[in-house]
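Worksheet for the structure shown next.
Bear in mind these aren't lab numbers, they're just calculated from the coordinates by the rules spelled out. This structure is a prediction, so every number in the text was calculated from the model and none was measured. Here Cβ is always computed from backbone atoms with ideal geometry, including for glycine, and neighbour counts include all displayed protein chains.
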Amino acid sequence: MNINIRNAVLQNVSGNSQSELRETIVDAIQNGEEKMLPGLGVLFEVIWNNASEEKRVEMLGTLESGLK
């Protein structure tokens, strides 16, 4: 069985409003289940790929600060 997680996640959230996306993200984080991590990774990939270099630097700064 070959499941394309990336495509499944993208199909699942495609067309969602900001409110729905927020709910999906918050639920995945609060739930804390390991199986949700790939989906969050796919969402981060979309954010990263659609961000300017300035926003990427900002995200990296936020990530670095959060890991200290």
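What the table below lists for this structure:
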| item | result |
| --- | --- |
| Option label - P(r) over Cα pairs in 10 Å bins from 0, in percent computed here, alternatives [x] 20, 44, 27, 9, 0; [y] 17, 45, 33, 4, 0; [z] 24, 65, 11 | [y] |
| Approximate spin-label separation LYS35-LEU67, in nm, with each point projected 7 Å along Cα-to-Cβ | 2.8 nm |
| Estimated inter-spin distance, ILE3 and ASP27, nm [label 7 Å along Cα→Cβ] | 1.6 nm |
